[in-house]
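Computed from the coordinates by the stated procedures, all read-outs in this text should not be read as laboratory data. Predicted model only: the values in this text are computed from it and were never measured. Here the Cβ is made from the backbone with ideal geometry for all residues, glycine too, and neighbour counts use every protein chain on show.
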Ligand code: NAD
């Protein structure tokens, strides 16, 4: 594939106005919706092959999220595309000031393997709604999903608007040499640096949706059975391979035993005594990640699970207790079904711990004490926060989704997606009347005239 030809042609199509009007944008969004509706089984099958994702989980965590984004665009695009009138300053009282959202142009979307449908198509919906043309680069690490989209994207979306480029590091490196008007990257911080470096060559703006270690702070006021169900669901769906998954727990010491008991109960309730046989439990994406996650298990700290089977890429839901900051499991994003618990004596200690590390993509607080919740919200920084639940804040279209610091840069979802792929053009519209009012600004200047 001649990548520079692909990008040049897309740019020409953009210049020719292929996505200018609302009708063409809505049409492409409708086609994206049709793609999902008419190929649901095919997509679900590919997700099962790549990640052992069960149908319900795939529907809720992947397809539904894209459909929600598309639906939100259908409902609001007209309003989003309308210029926003703003009040002029005193010098311009007789003039009209407005902000127009204009599409950026050719957008590159690079996506990861863990939610290979949602994280490819949700940003695509935003980019199309904003009137851009798009190059999609799905992850080669989820090969079945990638293959499905290689065949579906050209069948459903106008080739003048969207092109899919498959491949891995080689192809992405070649793409990154080309000039784009925006790069939207979801993946690891180490790769984000490569993307940002390449983007700087063309001064291309970037959105970086990254990962990291998302903490959950738990105090003694919780109903442990309730919060354990929420944590276990948020941690072990997709076998822990979720950027928003609870990475580790910071728990008041005297609650650790009660919490562990409740977590065990929830795991058994959800996945049975032997999660390997559960249709609701996923698998690790490949051998490399399997080895990486297994190496993080310190068997002396395992209080539940700790089983694995390489032939099946299976790692059981695993809880580790009395973990310390020095344990290797705390040195990197786990991205697998291991849940370490670290003990603290008081909430301030948890706040200090979180603040001494990179800013996480999500911070979870479990407490019924509103002053504890407020204190943590005020004294920590993270991409987002969810109080008394896990993951679900990421599915609210009106909440911007993105990180801060090492967990990312920029945000999307809902209107935020439209904004991230738009340039906000400031427009001052004057007429040619009242020219006498301008006399004061023209030379020769009258030094006695002084305006504050
Ligand atoms: P990754 O960074 O390895 O890969 C992402 C994309 O970059 C893929 O399309 C891949 O082909 C490409 N790529 C990989 N190495 C490259 C290189 N050297 N040069 C150019 N391109 C390269 O990430 P991953 O393993 O697919 O996903 C896991 C990471 O993504 C985790 O850190 C996770 O937290 C993060 N993530 C973040 C979000 C979010 O929304 N914030 C969502 C999912 C995953």
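For the stretch 306-394, just say rounded, prolate or oblate: build the C-alpha gyration tensor, square-root its eigenvalues into a ≥ b ≥ c, call rounded for a/c under 1.5, and beyond that prolate if a/b exceeds b/c, oblate if not. Cα axes put the stretch 306-394 in the prolate bin.
Antiparallel beta bridges, as assigned by DSSP with both residues in the chain, represent about 35 percent of the total such bridges. In percent, rounded to a whole number, the relative contact order of the chain is 18, using alpha-carbon pairs under 8 Å and six or more apart.
Of all DSSP beta bridges located in the stretch 296-403, what percent are antiparallel, nearest 5? Restricted to the stretch 296-403, the bridges split so that about 35 percent are antiparallel.
Using C-alpha pairs below 8 Å separated by at least 6 residues, the relative contact order for the stretch 202-294 is 32 percent.
The Rg/Rh ratio of the stretch 334-452, with both radii computed over alpha carbons and Rh defined as the Kirkwood radius, is 1.31. Could you calculate the FRET efficiency of residue 87 with residue 42 from 1/(1 + (r/R0)^6), where r is the beta carbon distance between them and R0 is 56 Å, rounded to 0.05? Efficiency for this residue pair is about 0.60. To one decimal place, what Kirkwood hydrodynamic radius in Å is obtained for the stretch 66-207 from all pairs of distinct Cα atoms? Roughly 16.6 Å, rounded to one decimal. Over the stretch 315-361, the hull volume per residue, using the convex hull of the C-alpha atoms, is 92 Å³. Each peptide in 329-341, 260-272, 123-135 receives the mean, over its residues, of other Cβ atoms within 10 Å, and ordering these scores from highest gives 123-135, 329-341, 260-272. Note on residue 166 and residue 379: their simple-model spin labels are 5.2 nm apart, each label 7 Å out from Cα toward Cβ.
When every Cα-Cα distance of the chain is counted in 10 angstrom steps from zero, the calculated P(r) takes the values 4, 19, 27, 22, 15, 7, 3, 2, 0 percent. Annotation for residue 352 and residue 75: the two label points, set 7 Å from Cα along the Cα-Cβ direction, are 4.5 nm apart. Placing a label point 7 Å from the Cα of residue 395 along the Cα-to-Cβ direction, the residues of the stretch 203-243 whose backbone N falls under 18 Å of that point are 227-243. Highest mean packing first, where packing is the average number of other Cβ atoms within 10 Å per residue, the peptides 354-361, 4-11 line up as 354-361, 4-11. By its C-alpha gyration tensor, with a ≥ b ≥ c as the square roots of the eigenvalues, how is the stretch 373-420 shaped: rounded for a/c under 1.5, else prolate for a/b larger than b/c, else oblate? Cα axes put the stretch 373-420 in the oblate bin. Summarising the label geometry, the points placed 7 Å from Cα in the beta-carbon direction at residue 300 and residue 437 lie 7.9 nm from one another. For the stretch 123-269, what is the relative contact order in percent, using Cα pairs closer than 8 Å and at least 6 residues apart in sequence? 17 percent.
By its C-alpha gyration tensor, with a ≥ b ≥ c as the square roots of the eigenvalues, how is the stretch 1-93 shaped: rounded for a/c under 1.5, else prolate for a/b larger than b/c, else oblate? Oblate, because a/c is 1.5 or more while a/b does not exceed b/c. Distance between the C-alpha centres of the stretch 191-268 and the stretch 57-90: 27 Å, rounded to the whole angstrom. Sorting 240-252, 33-45 by their mean Cβ neighbour count within 10 Å, with the most densely packed peptide first, gives 240-252, 33-45.
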